[in-house]
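The structure appears below as structure tokens.
None of the figures in this text is laboratory data; all of them are computed from the coordinates on show. Computed from a predicted structure; not experimentally measured. Glycine gets a Cβ as well: all are built from the backbone with ideal geometry, and neighbour counts include every protein chain shown.
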Amino acid sequence: MRLLVTGGAGFIGSALIRQLLTEESDAVVINADKLTYAGNLESLESVSCSPKYYFEQVDICDAGALQQLFDRYEPNAVIHLASETHVDRSIDGPSAFMQTNILGTYTLLEAARDYIGSARSSEKEYFRFLHVSTDEVFGSLGPDGYFSECSRYAPNSPYAASKASADHLVRAWHITYGLPVLITNCSNNFGPFQFPEKLIPLIILSAIEEKPLPVYGDGQNVRDWLYVEDHCRALRRVLAVGRVAESYNIGARNERTNLEVVRELCLILDELKPRENGRCYQDLIRFVQDRPGHDRRYAIDPARVTQELGWAPVESFSSALKKTVKWYLGNLSWCERVRDGKYQGERLGSAR
């Protein structure tokens, strides 16, 4: 199985590639990544010498480069993860999100369509285009209920709107051109190698540096958390046995308020790396101005992927969170390198 993974140097993409190359003996992986600020080949050092791994520095908006990739490697499947992902950055600068998430997805779809059009009949039968999206396309939930595959689209941020647009393009390329597609919408991912602008690594690193721990608004916004390794197992399952043209919501039923997540992180750090002054890390929590248009609650119903495909998360939220904290504490040099000159923990997304 030859797999073209776009965005493979990013957080989820690198975790997926590490899994594929260590757990699937027949997998050959082509990693196509532009290497933006959040793309880091250090995340793939453990598999970079594998004879079944290839890296190509490619912008998915570059139609010519994509055509060359398809011609050279003749993939059996595309797993499309290349994306601008941070909501706060999309508020400050939406243009890059429109370019990569919408135009880039369109360009990739066209490259896949051209490739399938010229492929042998046996290759056409087994080819799949798996588009990895987010629960944020569905907007904000009230205090009850869950997002399902039938939830209406109601994106509220530039990031969410760009991902919703990409979802619609993928569906349209199936209906109009017959491209064999799959779509997944996942909840908030966390785990090792995540760029430090996201909540969990930001809190960990800010805490051990004795910086204030920022919590937006009243801290009661709810997110449904998914350990990245469990997410990658689900993606592999969807690709293997998912039904063409279907979408699958991937979540682990781990709803927490942002304040609960920050407090739990503080308790783990109190245990693993106590402060020199003897005080609790929770003393560093500071409530800050809320993000514009901050969705109140997300929650995924993963019934379809669980019942139809037999996937279930391996880790609990608490076990995965502790693993994540331990990883960051043991890899502070990696954190410093990826933050060098690019991001130093400053506030993003104030819309000023």
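Computed extension gain for Glu308 through Trp327, at 0.36 nm per residue and net of the alpha carbon distance, reaches 3.5 nm. This ranking places Cys335, Cys49 by how few other beta-carbon atoms lie within 10 Å of each, fewest first, which gives Cys49, Cys335. This structure gives Cα extents along the principal axes in Å, computed directly, and of [x] 51, 46, 41; [y] 56, 42, 41; [z] 67, 44, 41 that value is listed as [z]. Quick one: if the Förster radius is 22 Å, what FRET efficiency do Ser148 and Ser316 give, using the C-beta to C-beta distance and rounding to 0.05? Rounded to the nearest 0.05, the efficiency is 0.45. Compute the Cα gyration tensor for the range 28-154, then decide on rounded, prolate or oblate, letting a ≥ b ≥ c be the square roots of its eigenvalues: rounded whenever a/c is under 1.5, prolate when a/b is larger than b/c in the other cases, and oblate in all that remain. Prolate shape, in that a/c is at least 1.5 and a/b is the bigger ratio. Spin-label model, Glu42 to Tyr126: label points 7 Å out along the Cα-to-beta-carbon direction sit 3.8 nm apart.
For the listed residue pairs Lys34/Lys322; Lys52/Lys326; Lys163/Lys323; Lys198/Lys323, the alpha carbons are over 25 angstrom apart in Lys34/Lys322; Lys52/Lys326; Lys163/Lys323.
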